[in-house]
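Read the figures in this text as sums done on the coordinates, not as results from a lab. If you're wondering where the values come from, they're calculated on a predicted model, not measured in any experiment. Note that we place each Cβ from the backbone using ideal geometry, even for glycine, and neighbour counts take in every protein chain shown.
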Amino acid sequence: MTNYLGSDKRGTIFGIYDVSEQIGVSPWYWWADVAPKSHEQIFAIKTTKVQKSPTVKYRGIFINDEAPALTGWANAIYPKSKWNSPFGADFYSHVFELLLRSRANYLWPAMWNGMFNVDDLRNQPLADEYGIVMGSSHTEPLVRSTKEWNTFGKGVWQWTENKDNIVAFMKEGAERAKNYESVVTVGMRGSHDTAMSPDVQTEVLQDVVDTQQKILDEVYGDAKQVPQMWCLYKEVQDYYEAGMKVPDHVTLLWTEDNWGNIRRLPVGNETQRSGGAGIYYVSFPGLTDH
């Protein structure tokens, strides 16, 4: 009899999948049809194997640029939601398993035509059951998808013109995610993955982040206890370089240039921030995951 003991549910799952991989089951057995190795006999040594917690706390992928390839395939395999998306729990269960078998624990879900928390109400509880920490992309603050604003939002996605409606929208996202593990994206970009303004308006984005901290204080009781990240993608890094500050507990997510070249990494006292730092990068130009 084999016993598995983890410091949390992910640790236990990783232990089980570690044994599975040792006996010949590839993490890609489902997605890439990698056939499990065949054995006439399998033996277990009576010993204790200890694996330390991963050095990188959140490790995952972004299902991005998912059309037409992934979306076309999923449309042919899975039923569509009332919102015309095939990315429901039946699809994500395989994604979650692949992540765990690959020792990952974090996901930004498909965004082009997807509303992770709306398309299938099983999605978020299933992620929690698997131990997957959910996030949202650099252009989708406070755990709400772009398509949710396009579908349910009121007015324009422009902070200086429609702040009250955007605040209410963001607060609903925080409230919905409260009981689940999330890394909350803060900041704001323009509609459809564009710049928020033609020039760097630091005071506007500063107000966005300050307001988001107030929302998280209201919903969670203490924003400092909520895992958060600010993605310094494209023009957003210009705001940081212009002197904009976010709370120390917010992770700075440094990015590449869309071609795999990291533009900047933490220097000086940036390495001492309590929120730490992360890297957002394309695994290979042309592929869909980051």
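Residue by residue, segment 42-56 carries 3J(HN,Hα) couplings of 10, 10, 10, 6, 7, 8, 10, 10, 10, 10, 6, 5, x, 5, 8 Hz when phi is fed to the Karplus relation 6.51 cos²θ - 1.76 cosθ + 1.60 (θ = phi - 60°); x denotes Gly or Pro.
Fewest neighbouring Cβ atoms within 10 Å first, the residues ASP257, ASP120, ASP33, ASP65 line up as ASP33, ASP257, ASP65, ASP120.
For segment 1-60, compute Rg over Rh where Rg is the Cα radius of gyration and Rh is the Kirkwood radius from the inverse mean 1/r over Cα pairs. That ratio is 1.00, to two decimals. Its alpha carbons considered, segment 27-166 gives a radius of gyration followed by a Dmax of 18.8, 68 Å.
Annotation: amide H of VAL133 within the under-5 Å range of TYR106, LEU107, sequence separation 5 or more or interchain, hydrogens built in the peptide plane. Going by neighbour counts of Cβ atoms within 10 Å, the residues HIS249, HIS39 line up, fewest first, as HIS39, HIS249. If a paramagnetic tag sat 7 Å from the Cα of LYS57 along the Cα-Cβ line, which residues of segment 206-232 would have the backbone N under 11 Å from that point? Answer for this model: 225-229.
Remark: spin-label model distance ALA44-ASP193 equals 4.5 nm, labels positioned 7 Å along the Cα→Cβ axis.
If r is the Cβ-Cβ distance from TRP31 to LYS163 and R0 is 30 Å, what FRET efficiency results, to the nearest 0.05?
Details: r = 42 Å, r/R0 = 1.41.
According to the calculation, E is roughly 0.10.
Seen from a random direction on average, the alpha-carbon convex hull of the chain projects onto 17.3 square nanometres. The alpha carbons of segment 135-290 give a radius of gyration and a Dmax of 15.1, 43 Å, in that order. Close amide H pairs (under 5 Å, H built 1.01 Å from N) link VAL250 with GLY275, residues at least 5 positions away or on another chain. Amide H contacts for GLY190 (H built 1.01 Å from N in the peptide plane; partners 5 or more residues away or on another chain; cut-off under 5 Å): ALA195, MET196. Annotation: for a label point projected 7 angstrom from Cα along Cα→Cβ of TRP259, residues of segment 215-237 with backbone N closer than 16 Å are 234. With neighbours defined as other Cβ atoms within 10 Å of a residue's Cβ, the residues TRP31, TRP157 order from fewest to most as TRP31, TRP157. For segment 253-279, backbone nitrogen atoms closer than 15 Å to the point 7 Å from LYS224 Cα along Cα-to-C-beta are found at 273-276.
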